[in-house]
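Here the structure comes first, spelled out in structure tokens, and everything after it is commentary.
The values are calculated or read from the model by the stated rules, or taken from the named source; none is laboratory data. What you see is a predicted model; the values in this text were computed from it and never measured. Here the Cβ positions follow ideal geometry from the backbone for every residue, glycine too, while neighbour counts run over all protein chains shown.
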Amino acid sequence: MRAAQLHLPGLPAEALGEWISAEDWDEEMMDEPAPHITVMKLEIAEALAAGAAEVEAPVFVDCTLGFGGHTEALLESARGARVIAFDRDPIARESSQKRLARFGDRLTIVAAPFSSLRAELAALGIHQVHGICADLGVSSPQLDDPERGMSFRREGPIDMRMDPTSGETALEMIGRLEDDQLANVIFEFGEERRSRRIARKIKQAHAAGELRTTLDLRRAIVAAVGPVRVGGVDPATRTFQGLRIAVNQELKELTDLLDAMPSLLAVGGHAAILSFHSLEDRLVKRAFKERGTWDPLTKKPQTPREEEELENPRSRSAKLRVASRVEDPDAPAAEDSRP
């Protein structure tokens, strides 16, 4: 789809190339899908490897396999390292399975959300691991595929599911929720202060049969708040973020993961969580402050190097927090880490 096709009433077509959203789109991204570039790959691999330096054959968990960048780096970080990688997205799993086939049985891919980490590891006979990482961002292929409905820059169905084979779509959720409920979703998960106006316009468009694609959704948002950028951010950005988080229950998934990690990570092992917005980062920061459980190794979140930001604009909002699992004097003795 060409940029000119994205013209909306009240927005000059020539301004389209100037828009920069929190998804870090730029003019070069408008017509061609951006290649997926793994964010802070070396930093995460080094952090987990450091926590398992004394382990002969460490077992790592990559909670967000995606297209395999962090998993690949972990498998290369230590001779004999094994990685258990989770992902809900069947397209990502298939792509990574092919890309990482050379590692053989050192890689196990699990088709499940990372909230089920404890149960899925137990099913594999694993009760403890030596490092856990998660990249909470949306991948470039997910953003760039119009059929996924993750972005307002290309027209597609209002879907937004990480697993497009199951669960409620964003459009179905919009149809199910009352105006106030939809406004609460947009406010809580999108941190959008104009949520009530936006929710009313979205529901009106839905009731009129005018809400079929991502561009229809964006039109309803612009009708509510106008096309003016706020701090350089497209007016639809926060609403799309809020709907996507709600559809995929992303904050609940993260909370469940943070609750499960202490019982699964060996003492001295490192956890590394890469987040891309304040809602996620606050949850991670709070969890890593728990005394007797974690020793935060990043007092302030680590951000990408300047060279990485230049190469990959979508990395700009990334924040990496790393913590080491410490001995809990009240905890029972841990089981062996390998099956």
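Within region 226-254, being aliphatic (A, V, I, L, M) and at pLDDT 95 or above holds for Ala236, Leu243, Ile245, Ala246, Val247, Leu251, Leu254. Scanning region 312-327 for residues that are modelled with pLDDT under 85 and exposed (fewer than 15 other Cβ atoms within 10 Å of the Cβ) gives no hits. Could you count how many residues in region 83-94 are touching a Gly at 6+ places or on another chain (Cβ under 7 Å) and either of a type in the set (Gly, Ala, Ser) or more than 13 Å from Pro113 (Cβ to Cβ) (or both)? Counting residues in region 83-94 that are touching a Gly at 6+ places or on another chain (Cβ under 7 Å) and either of a type in the set (Gly, Ala, Ser) or more than 13 Å from Pro113 (Cβ to Cβ) (or both) gives 1. Residues of region 208-231 that are within 13 Å of Leu243 (Cβ to Cβ), touching a Leu at 6+ places or on another chain (Cβ under 9 Å), among the aliphatic types (A, V, I, L, M) and not in a loop (DSSP other than H, G, I, E, B): Leu217, Ala220. Give region 269-288 a look and list any residue that's surrounded by fewer than 18 Cβ atoms within 10 Å (Cβ to Cβ) and either assigned to a strand (DSSP E or B) or at pLDDT 95 or above (or both), or say none. Residues satisfying the conditions are Arg282, Arg286.
Each row is one residue, and each column tells you yes or no for (1) acidic (Asp, Glu); (2) touching a helix residue (DSSP H, G or I) at 6+ places or on another chain (Cβ under 8 Å).
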| residue | (1), (2) |
| --- | --- |
| Glu76 | yes, yes |
| Val83 | no, yes |
| Ile91 | no, yes |
| Gln97 | no, no |
| Leu100 | no, yes |
| Pro113 | no, yes |
| Leu117 | no, yes |
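Of the residues that make up region 3-18, is at least one part of a helix (DSSP H, G or I) and at pLDDT 50 or above? No, that holds for no residue. Residues that are among the basic types (Lys, Arg) and assigned by TED's automatic domain parsing to the domain that holds Arg219 number at least 3 in the following helices (runs of 4 or more DSSP H) confined to region 142-207: 195-207. Across region 88-110, the number of residues qualifying as in contact with a Ser or Thr (Cβ under 9 Å, 6 or more places away or on another chain) and in contact (Cβ under 8 Å) with a residue 40 or more places away in the chain comes to 5.
When the criteria are applied in full, Leu257 meets the requirement of being closer than 22 Å to Gly167 by Cβ, crowded, with 17+ Cβ neighbours inside 10 Å and at pLDDT 95 or above. Of all residues assigned to region 294-311, at least one qualifies as being in a helix (DSSP H, G or I), closer than 23 Å to Ile37 by Cα and touching a Ser or Thr at 6+ places or on another chain (Cβ under 7 Å).
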